[in-house]
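Take a look at the structure below.
We did not get these values from a lab; they are worked out from the coordinates using the rules stated. In this text the structure is predicted, and so the values were computed from the model without any measurement. Neighbour counts run over all protein chains shown; Cβ positions are idealised from the backbone, glycine included.
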Amino acid sequence: MNELLATWTRRRFVGTIAGGTGVTIGPLLFRYLNGAPVDNPAPSAGEDRAVVIIQLTGGNDILNTVIPFMDPAYHRARPTLRSVAEQAKPINDYLAFHPAFAPCEELVQEGVFAIIQGVGYPNSSRDHQQALRDWQTAIPGDPMERTGWIGRVCDHLSLESFGLAPAVFVGTMQLPLALLGGRTIVPTIRGAEDLTHGGSVLGPVSESLGLPPASPEDQRNTAKGEFLEFLRGTAAQVDRATAKLAEVLERQGRSLGTFRYELQRRLDVIATIVEARLGIRFFYTDLGGPQPGGFDTHANQAENHAALLAELTSGLVHFYRRIEASGLSHAVLAMTFSEFGRTLQENGRRGTDHGAASSVFLLGGSIKGGLMGDHPSLTDLDQGGLRYHTDFRSLYRTVLEDWLGLPAMPTLGTEHFAKLPILKSEAVLRPRA
């Protein structure tokens, strides 16, 4: 068995995953070899619901997204960036949307868009990589954790509760850590070429892995035989999932190349899959790309930030209108997050630096729309950034238990995180034990 790991697994298995097959099995083979239990609890009551997560990479400046335009401290701290407030769209007598974000105001008026203010966690990191790890693993401060919070959720889902695959990533960056589990299989849809050439979303994994056929030695070596059989079954499941995704996307007759923004296209792909009702529970995509760049607006922020917000807004509005038209808006909860906010004080390069707390946006027909939580003080800061008052793991717990009907403890541990009143009362589920 050790010889198998040292030769075939290390070179071929890991190399194949890193080589862009579009699927990640992650640490599951190590968990499997260590004898980790493969449990299949009963499906949850929320199995027909989906969560769509949009990662805003780089640290979005929430203070110039949802602007405290009536606060003197904001104007004192931002001598050039404050000019955007002159065209901002008021939400109330204190806050206003950035002009590029203003189209979301109609979603607020309809009660399907929410802003959770002051979201963060204790001793938050101001390093991009570590802060993203904190959000994606839900275990802040642990640089060694190899599984993500969604991956751990998927590890505890029964096959009957998701059918095709537990989650799908739509994007071009490396599969996010959030989706890596001990035995989780996550197909990736990368670019338009995955959808237009008549093939599967990615090549047959069973072929690309080059799994050797069973031999008499395998049959005598129980551990080695079980391991190879496990890999064959895993590869076959990935093949079925990706082939079905390709079939669905082709059958829907999507009009590729008609979108102004990449995020809009990605969310349209997600909407197509949601409408096919394949039982996928989590969808994940990103805006901002790899670091440095994206929302990391240290210099000349105004123009770059406006362009990113325009793309985000167009994607959110398009996505909601599409699932609304298909009658599925009450079965989908979309949420955004960014690894941290920005400093209140504008720097000398007409930008902002790494901050602390930020806001999370929610979208869906089952949420309570509007503002949630108090706006953090602009005079009592955390090293120049906003102080948090709502732990992001409270949001995760609420999504898992109240939205999906899943117990949060296997994912978040025994530490208590208070749930948030983000859902309409009729939409709240009771999680199964």
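Residues in the range 255-279 that are in a helix (DSSP H, G or I) and either touching a residue at least 40 places away in the same chain (Cβ under 8 Å) or crowded, with 20+ Cβ neighbours inside 10 Å (or both): 13 in all. Pairs linking a residue in the range 340-367 that is touching a residue at least 24 places away in the same chain (Cβ under 8 Å) and under 17 Å from GLN383 (Cα atoms) to a residue that is basic (Lys, Arg) and outside any loop (DSSP other than H, G, I, E, B), with Cβ atoms under 6 Å and 6 or more positions apart or on different chains, are THR352/ARG342; GLY355/ARG342.
Among residues that are in a helix (DSSP H, G or I) and buried (at least 17 other Cβ atoms within 10 Å of the Cβ), GLN129 is not included.
Consider the range 336-376 and keep the residues that are part of a loop (DSSP other than H, G, I, E, B) and among the aliphatic types (A, V, I, L, M). The one that is nearest to ASP93 (Cα to Cα) is LEU344.
Per the listing PHE282, PHE337, the residue uniquely among the aromatic types (Phe, Trp, Tyr), touching a Phe, Trp or Tyr at 6+ places or on another chain (Cβ under 8 Å) and buried (at least 16 other Cβ atoms within 10 Å of the Cβ) is PHE337.
Among the residues making up the range 140-154, those that are more than 16 Å from the chain's Cα centre (by Cα) and on the phi < 0 side of the Ramachandran plot are PRO140, ASP142, PRO143, MET144, GLU145, ARG146.
Taken as a whole, the range 78-95 holds no residue that is under 27 Å from ALA178 (Cβ atoms), in contact (Cβ under 8 Å) with a residue 12 or more places away in the chain and in a loop (DSSP other than H, G, I, E, B). Would you pick out the residues in the range 308-335 that are in contact with a helix residue (DSSP H, G or I) (Cβ under 7 Å, 6 or more places away or on another chain) and among the basic types (Lys, Arg)? The answer is ARG322, and nothing else.
Residues in the range 317-334 that are of a type in the set (Val, Ile, Thr) and buried (at least 21 other Cβ atoms within 10 Å of the Cβ): how many? Show your work before the answer.
As a first pass, look at the range 317-334 and keep what is of a type in the set (Val, Ile, Thr): 317, 323, 332.
In the following step, the residues that additionally are buried (at least 21 other Cβ atoms within 10 Å of the Cβ) were identified as 323, 332.
Of the residues in the range 317-334, 2 are of a type in the set (Val, Ile, Thr) and buried (at least 21 other Cβ atoms within 10 Å of the Cβ).
For TYR388, only one of the following conditions fails: (1) closer than 21 Å to HIS75 by Cβ; (2) in a loop (DSSP other than H, G, I, E, B). What is its number? Result: TYR388 passes all but (1). Here is the figure for the range 62-81: residues that are surrounded by 18 or more Cβ atoms within 10 Å (Cβ to Cβ), over 23 Å from the mean Cα position of the chain (by Cα) and not hydrophobic (A, V, I, L, M, F, W, C) total 4.
Name the residues in the range 353-408 that are small (Gly, Ala, Ser) and closer than 22 Å to HIS298 by Cβ, would you? Give the derivation first.
First, the residues of the range 353-408 that are small (Gly, Ala, Ser): 355-359, 364-366, 369-370, 373, 377, 384-385, 394, 405, 408.
GLY355, ALA356, ALA357, SER358, SER359, GLY384, GLY385 - these are the residues of the range 353-408 that are small (Gly, Ala, Ser) and closer than 22 Å to HIS298 by Cβ.
Looking only at residues in the range 341-400 that are β-branched (Val, Ile, Thr) and under 30 Å from GLU110 (Cα atoms), the one that is surrounded by the most Cβ atoms within 10 Å (Cβ to Cβ) is VAL399.
Looking only at residues in the range 392-406 that are in a helix (DSSP H, G or I) and of a type outside the set (A, V, I, L, M, F, W, C), the one that is nearest to MET335 (Cα to Cα) is TYR396.
Can you pull out the residues in the range 139-191 that are of a type in the set (S, T, N, Q) and closer than 22 Å to ARG393 by Cβ? Give the derivation first.
Filtering the range 139-191 for residues of a type in the set (S, T, N, Q) gives 147, 158, 161, 172, 174, 184, 188.
THR147, THR184, listed by residue number.
Which one is farthest from GLY294 (Cα to Cα) among residues in the range 65-77 that are out of contact with any Ser or Thr (no Cβ under 8 Å at 6 or more places or on another chain) and part of a helix (DSSP H, G or I)? Walk me through it before giving the result.
Keep residues of the range 65-77 that are out of contact with any Ser or Thr (no Cβ under 8 Å at 6 or more places or on another chain), which gives 67-72, 74-77.
Filter once more, keeping what is part of a helix (DSSP H, G or I): 72, 74-77.
Details: PRO72: 28, TYR74: 23, HIS75: 25, ARG76: 26, ALA77: 23 Å.
Checked the range 65-77; the qualifying residue farthest from GLY294 (Cα to Cα) is PRO72.
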